[in-house]
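Enquirer: The structure's right below; bear with me while I get my questions together.
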Amino acid sequence: MELNGAQIVIQSLKDEGVEYIFGYPGGAVLHLYDAIFQQDDVKHILVRHEQGATHAADGYARATGKPGVVLVTSGPGATNAVTGIATAYMDSIPMVIISGQVPSPVIGSDAFQEVDMVGITRPCVKHNFLVKDVTKLAETIKKAFYVATTGRPGPVVVDVPKDITDPRIKVPYKYPKKVSMRSYNPAVTGHKGQIKKAVDLLLTAKQPIIYAGGGVILGEASKELTEFAHTLGFPITNTLMGLGAYPATDKQFVGMLGMHGTYEANMAMHDSDVIIAIGARFDDRVTGKLDEFCPNAQIIHIDVDPASISKTVKVAIPIVGEVKPVLEQMMELIRESKKKPSKKALESWWKQIDQWRAVNCMEYDRNSRLIKPQYVIEQLYEVTKGEAYVTSDVGQHQMWAAQYYPFDKPRHWINSGGLGTMGFGLPAAIGVKLAFPDSEVACVTSDGSIQMCIQELSTALQYNAPVKIINLNNSYLGMVRQWQEFTYESRYSHSYMDTIPDFVKLAEAYGHVGMRIDKPEDVRPALEEAFAMKDRTVFLDILTDRTENVYPMIESGKAHNDMTLRVADGTSTDRELA
Amino acid sequence: MRHIISILIENESGALSRVAGLFSARGYNIESLTVAATEDPSLSRMTLVTRGSDDIIEQITKQLNKLIDVVKLIDLADSDHIERELMMVKIRTTEQTREEIRSLAAIFRGKIIDVTPTTYVVEMTGPSSKLDAFIAAIDGDTIIEVVRSGPTGISRGEKGLHL
Ligand SMILES: Cc1cc2nc3c(=O)[nH]c(=O)nc-3n(C[C@H](O)[C@H](O)[C@H](O)COP(=O)(O)OP(=O)(O)OC[C@H]3O[C@@H](n4cnc5c(N)ncnc54)[C@H](O)[C@@H]3O)c2cc1C
Ligand SMILES: Cc1ncc(C[n+]2csc(CCOP(=O)(O)OP(=O)(O)O)c2C)c(N)n1
Ligand SMILES: [Mg+2]
């Protein structure tokens with residue numbers, strides 16, 4: 001088959017099994033758009049801003065496990081995509097971004113809409129390619145998908161100069177079934193000796209904890225993790241990125257750990273003697289003060305990326321490999337082993353953990369006349385029966401969503417953890433809804449974040465992707481306000497927005513339903529009403545208590561056992577529990 | 001400690017900037033970097049001299065290995081190896097100093113590869129420390145230019161960096 005470069009790109013995507021391209025046209029990609037026009041296997045979603053394209057593709061990827069695909073033009077189209085590429089990179093999300101480039105002969109001449117996309121994205125992609133030869137185009141695209149989806153996943157940019165897609169130049173096309181690269185061979189199974197050592201250590205642990213992260217979700221290993229935890233009977237905590245990797249309603253789950261994690265999770269980490277870290281990367285939001293991180297623990301770390309291991313925290317037993325096969329290898333040894341975890345030790349460990357649980361760190365004032373954001377999330381959980389896909393933006397609302405919506409299944413909690421990108425939530429929700437049109441998709445957001453990609457409301461209408469926007473409107477950049485309250489004696493420098501649009505009218509202007517809720521008793525009925533409108537995007541503008549803070553909190557530079565908790569009567573004064 | 005990291009990398013445009021970019025983005029120290037093609041035109045070999053604690057060197061090698069274009073690398077400091085650097089020094093000469101420079105160059109096994117009425121160019125190879133010693137031995141005021149390639153290295157015996 002002979003195809004021109006533009007057709008090769010589209011045909012390659014088809015052969016790769018791509019369902020959706022999220023994109024925005026422009027000069028350098030006109031040939032590609034013409035090729036898109038002439039087929040309907042790969043559907044193109046026209047966003048309203050290239051950042052929206054990257055987040056939508058990212059949301060699609062997080063929910064499905066399949067790589068998200070983005071198409072943007074050169075210059076401003078490419079630079080607009082960078083925030084979304086970096087967002088995916090930080091959370092190890094597989095994406096392939098095809099960017100148009102000026103024609104090869106004029107590269108480097110400051111041509112119209114030229115930017116060095118390969119140079120700009122180098123620090124925030126897993127890899128990137130500049131295509132120089134149309135005969136290598138299909139193979140390059142195959143490599144891009146291969147690199148994006150294997151090992152530690154991540155975004156890959158393919159920069160395609162306009163002459164490469166010239167419709168007049170046809171070359172033989174064959175999409176490779178497989179590619180191999182001598183320079184890229186990610187590990188799959190773990191080293192047997194290391195695994196044996198790890199199992200021996202686990203079976204002698206007295207105060208163990210499983211610390212599991214996003215790698216379990218990326219590696220499709222929730223089932224294996226659950227079996228592993230149940231067999232050992234150990235407490236388990238998840239990172240923000242790991243939520244849903246282990247069922248949150250299971251009794252062995254002690255909640256999220258880290259800066260806004262539960263008291264029990266952080267105390268258990270601090271007092272543990274053995275930690276097994278599974279697909280988690282010891283982020284600074286998790287470890288707190290490094291010198292005082294888990295002082296008595298011996299650490300086992302499973303990660304497919306050797307560079308994640310012993311990066312910030314030195315570990316005793318590193319295991320390089322994918323979570324799923326490594327957990328299977330471990331389970332085999334555990335089953336064969338005559339040794340069993342000490343029942344007595346575990347019983348007293350659980351007793352201790354239950355005492356920490358009794359502190360009830362997630363309690364808040366349920367009698368307030370104002371709408372408490374935590375209450376909204378709890379109601380959202382009930383109305384959606386815990387089964388919705390929940391995307392979020394970045395800020396206090398993100399933490400409340402993570403804390404008060406217990407996720408039992410992987411890939412249902414979709415948020416930007418590593419880069420913390422405001423504006424992520426709405427386009428990501430659209431990507432998720434397109435992937436799962438029959439599932440409920442809620443975007444938990446706030447007045448600041450939602451305005452960063454609000455234009456995508458228009459995309460949601462055009463492509464019939466009805467999502468429910470839960471706007472926890474506190475009139476503040478709440479997370480910033482909270483830090484200013486805690487560390488800058490309440491000098492609220494530029495964290496208050498004097499003018500906020502009428503979101504109800506705005507939603508209506510975009511062709512959607514808008515609702516404003518300002519009384520606690522209206523929250524539940526409004527949510528029910530909104531979710532009953534299956535085919536409409538509903539914007540719920542919920543006016544919440546503006547002064548509410550996220551608790552518990554490990555303030556920066558503090559250790560896990562030095563958390564600030566909310567006082568029991570629900571007022572917002574802090575109490576030090578050390 | 002000082003480490004010499006040898007890297008086999010795909011001979012693709014941009015490969016050098018990936019390595020250099022990694023060092024600047026992650027704040028690693030880089031003392032010198034040399035690159036050239038190998039007997040296999042699809043591969044380049046880079047030699048990179050860096051300093052850092054064991055933990056930092058471990059991260060550096062992991063991060064380098066993580067670059068998709070990097071095929072293989074070794075830390076030469078881990079085993080017995082030979083280190084060589086090429087240097088050319090242009091020195092201002094007078095009737096009186098020529099003899100002394102010639103004999104000094106001979107002691108360091110240097111060669112005089114260019115002569116004008118007022119200058120010599122001395123070529124010298126060796127471990128970087130030897131080149132440092134030569135520079136220290138000649139009168140600093142007479143040095144016009146120094147150009148050094150940065151060290152390259154190879155391990156002894158069967159061990160080594162090849163596919
Ligand atoms: C406002 C805000 C507050 C935050 N507060 C918290 C907090 O309180 N607690 C918290 O936990 N986080 C918090 N975060 C998120 C934090 O910044 C990090 O994003 C998060 O902790 C990282 O999660 P992770 O360790 O699971 O790693 P991820 O970023 O999910 O990385 C996954 C790891 O698994 C590895 N991996 C990938 N695939 C596989 C595989 N198949 N097999 C094996 N390994 C694999 C990767 O190499 C990587 O090391 C917050 C973020 C924001 C924006
Ligand atoms: C693009 C971007 N800019 C700035 C920040 C820094 N930041 C983190 S949280 C936050 C406030 C978010 O406000 P809002 O969306 O209203 O959420 P709230 O905290 O009120 O729930 C800001 C400005 C960010 N994370 N992303
Ligand atoms: Mg807000």
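Enquirer: Can you tell me which residue is nearest to the other protein chains (Cβ to nearest Cβ) among those in segment A:101-135 that are among the hydroxyl-bearing types (S, T, Y) and open to solvent by 40 Å² or more (accessible area, probe 1.4 Å)?
Expert: A:S104
Enquirer: Right, something else. Of these, A:N367, A:N415, which one is within 15 Å of ligand 1 (Cβ to nearest atom) and of a type in the set (S, T, N, Q)?
Expert: A:N415
Enquirer: Residues that are open to solvent by less than 40 Å² (accessible area, probe 1.4 Å), of a type outside the set (G, A, S) and within 22 Å of A:A277 (Cα to Cα): find the helices (runs of 4 or more DSSP H) completely inside segment A:305-399 holding 1 or more of those.
Expert: Helices (runs of 4 or more DSSP H) meeting the threshold: A:323-336, A:343-358.
Enquirer: Hey, another quick one. So, in segment A:1-33, exactly how many residues are open to solvent by 40 Å² or more (accessible area, probe 1.4 Å) and in a loop (DSSP other than H, G, I, E, B)?
Expert: Selection size over segment A:1-33: 6.
Enquirer: Kindly provide the set of residues from segment A:400-424 that are more than 23 Å from A:S308 (Cβ to Cβ), assigned to a loop (DSSP other than H, G, I, E, B) and within 9 Å of ligand 2 (Cβ to nearest atom), ordered by number.
Expert: A:M422, A:G423 - these are the residues of segment A:400-424 that are more than 23 Å from A:S308 (Cβ to Cβ), assigned to a loop (DSSP other than H, G, I, E, B) and within 9 Å of ligand 2 (Cβ to nearest atom).
Enquirer: Quick one: B:I57 ticks every box in (1) closer than 30 Å to A:T150 by Cα; (2) open to solvent by 70 Å² or more (accessible area, probe 1.4 Å) bar one, so which box is it?
Expert: Unmet condition: (2).
Enquirer: Looking only at segment B:97-120, count every residue that is open to solvent by 20 Å² or more (accessible area, probe 1.4 Å) and either in contact with a helix residue (DSSP H, G or I) (Cβ under 8 Å, 6 or more places away or on another chain) or within 24 Å of B:S32 (Cα to Cα) (or both) and tell me the total.
Expert: Going through segment B:97-120 one residue at a time, the tally reaches 6.
Enquirer: Further question on the same structure: Quick check: is even one residue across segment A:425-436 more than 27 Å from A:G258 (Cα to Cα), open to solvent by 20 Å² or more (accessible area, probe 1.4 Å), more than 11 Å from ligand 2 (Cβ to nearest atom) and without any contact (Cβ under 8 Å) to a residue 24 or more places away in the chain?
Expert: no
Enquirer: Could you say which residue among B:L48, B:L22, B:L64, B:L33 is in contact (Cβ under 8 Å) with a residue 60 or more places away in the chain and not in a loop (DSSP other than H, G, I, E, B)?
Expert: None of the others qualify; the one that does is B:L33.
Enquirer: Shifting gears a bit: Of all residues in segment A:457-483, which are within 16 Å of ligand 1 (Cβ to nearest atom) and either at pLDDT below 95 or open to solvent by 20 Å² or more (accessible area, probe 1.4 Å) (or both)?
Expert: A:Y476, A:L477, A:M479, A:V480, A:W483
Enquirer: Is it the case, given these coordinates, that A:V444 is in contact with a Ser or Thr (Cβ under 6 Å, 6 or more places away or on another chain), within 16 Å of ligand 2 (Cβ to nearest atom), in contact (Cβ under 8 Å) with a residue 60 or more places away in the chain and of a type in the set (V, I, T)?
Expert: For A:V444, the condition - in contact with a Ser or Thr (Cβ under 6 Å, 6 or more places away or on another chain), within 16 Å of ligand 2 (Cβ to nearest atom), in contact (Cβ under 8 Å) with a residue 60 or more places away in the chain and of a type in the set (V, I, T) - is met.
Enquirer: Can you report the number of residues in segment A:263-293 which are open to solvent by 20 Å² or more (accessible area, probe 1.4 Å) and either within 14 Å of chain B (Cβ to nearest Cβ) or within 16 Å of ligand 3 (Cβ to nearest atom) (or both)?
Expert: The qualifying residues number 2.
Enquirer: Also, I was wondering about something else. So A:A268 passes all but one of these: (1) modelled with pLDDT of 95 or more; (2) over 18 Å from A:W400 (Cα atoms); (3) within 21 Å of the chain's Cα centre (by Cα). Which condition number does it fail?
Expert: Of (1) modelled with pLDDT of 95 or more; (2) over 18 Å from A:W400 (Cα atoms); (3) within 21 Å of the chain's Cα centre (by Cα), only one is false for A:A268: (3).
The values are calculated or read from the model by the stated rules, or taken from the named source; none is laboratory data. Since this is a predicted model, take the numbers as computed values, not measurements. In this analysis, Cβ positions are derived from the backbone assuming ideal geometry, glycine residues included, and neighbour counts consider all displayed protein chains. To get the accessible areas, we keep the full protein, side chains included, count just its heavy atoms, and leave off ligands, DNA and RNA. Shrake-Rupley method; radii C 1.70, N 1.55, O 1.52, S 1.80 Å.
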